[in-house]
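As structure tokens, the structure follows; a few thoughts come after it.
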Amino acid sequence: MKKLFTAAAFALAMTLTTVAHAETTVAVVDTQKVLTEANAAKSARDYLQKETEKAQKKINDMEAKLVKQQEDLKAKRGVLSAEKFAEEEEKLKKAVRDFRTEAQSIQANLDKENNNRRNKITDAIRNEIAAIAKEKSLTLVIAENLLLYNGGAEDLTAEVLKRVNAKVK
């Protein structure tokens, strides 16, 4: 096992040495900034905020209906027979289960929509970074948040943001 590790380390060192001797052109991109400031991201946030508010209103209305049902059932407790009360109580329990299922479904749909929109934007960012790197014959493009030091590498953030805004609505 030690020999395998030593061989892998040697191969990595040789690869890094080879890359260091080749002409390397490096650029950086603040992907978080692009993801935050892209027009598509802003419109996705606005859309999801509106949808979340609508969903919350729907959930609140459903919950209010359940509370009313529960209060009505409590008020009827002395009037209904034990059998009839048990039936009504079961109906209420079923309504609560249905409510929980519906609330989970609403949340899952919001999460799915959020993920779809975010993936569309991140895919566009990746595609634009690759296109720019190819156009400029860049060897390496690094996300700015991964850098410990930048010795003057070209920053592609503004160009990526511009292209993403042009392509993703």
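Take the residues in region 135-166 that are in a helix (DSSP H, G or I) and surrounded by 14 or more Cβ atoms within 10 Å (Cβ to Cβ); name whichever of them is farthest from the chain's Cα centre (by Cα). Spell out how you get there, then give the answer.
Looking only at region 135-166, we keep the residues that are in a helix (DSSP H, G or I), and these are 135, 144-146, 157-166.
From what's left, surrounded by 14 or more Cβ atoms within 10 Å (Cβ to Cβ): 144, 157, 159-161, 163-165.
On the way: Glu144: 20, Thr157: 21, Glu159: 23, Val160: 20, Leu161: 19, Arg163: 21, Val164: 18, Asn165: 19 Å.
Ranking the candidates gives Glu159 first.
Looking at Ala131, Ala124 in this structure, which one is farther than 30 Å from Gln70 by Cα, free of Cβ contacts under 8 Å to residues at least 40 places away in the same chain and surrounded by 12 or more Cβ atoms within 10 Å (Cβ to Cβ)? Give the steps one after another, and end with the answer.
Details: Ala124 fails: free of Cβ contacts under 8 Å to residues at least 40 places away in the same chain.
Step by step, each of Ala131, Ala124 is checked, and only Ala131 is farther than 30 Å from Gln70 by Cα, free of Cβ contacts under 8 Å to residues at least 40 places away in the same chain and surrounded by 12 or more Cβ atoms within 10 Å (Cβ to Cβ).
When you check Glu51 against the structure, is it loosely packed, with under 12 Cβ neighbours inside 10 Å and either closer than 30 Å to Glu135 by Cβ or acidic (Asp, Glu) (or both), yes or no? Give the derivation first.
Working: loosely packed, with under 12 Cβ neighbours inside 10 Å: no; either closer than 30 Å to Glu135 by Cβ or acidic (Asp, Glu) (or both): yes.
So Glu51 does not fit the description; no.
Is there a residue in region 30-52 that is over 26 Å from the mean Cα position of the chain (by Cα) and either modelled with pLDDT under 90 or more than 30 Å from Ala158 (Cβ to Cβ) (or both)? Explain how you work it out, then say what you get.
From region 30-52, those over 26 Å from the mean Cα position of the chain (by Cα) are none; that's our starting set.
Checked against the condition, which is being over 26 Å from the mean Cα position of the chain (by Cα) and either modelled with pLDDT under 90 or more than 30 Å from Ala158 (Cβ to Cβ) (or both), region 30-52 yields no hits at all.
The values are calculated or read from the model by the stated rules, or taken from the named source; none is laboratory data. It should be emphasised that the depicted structure is a prediction, and the values quoted were computed from it without experimental measurement. Don't worry about glycine lacking a Cβ; one is built from the backbone with ideal geometry, like all the others, and counts go over all protein chains shown.
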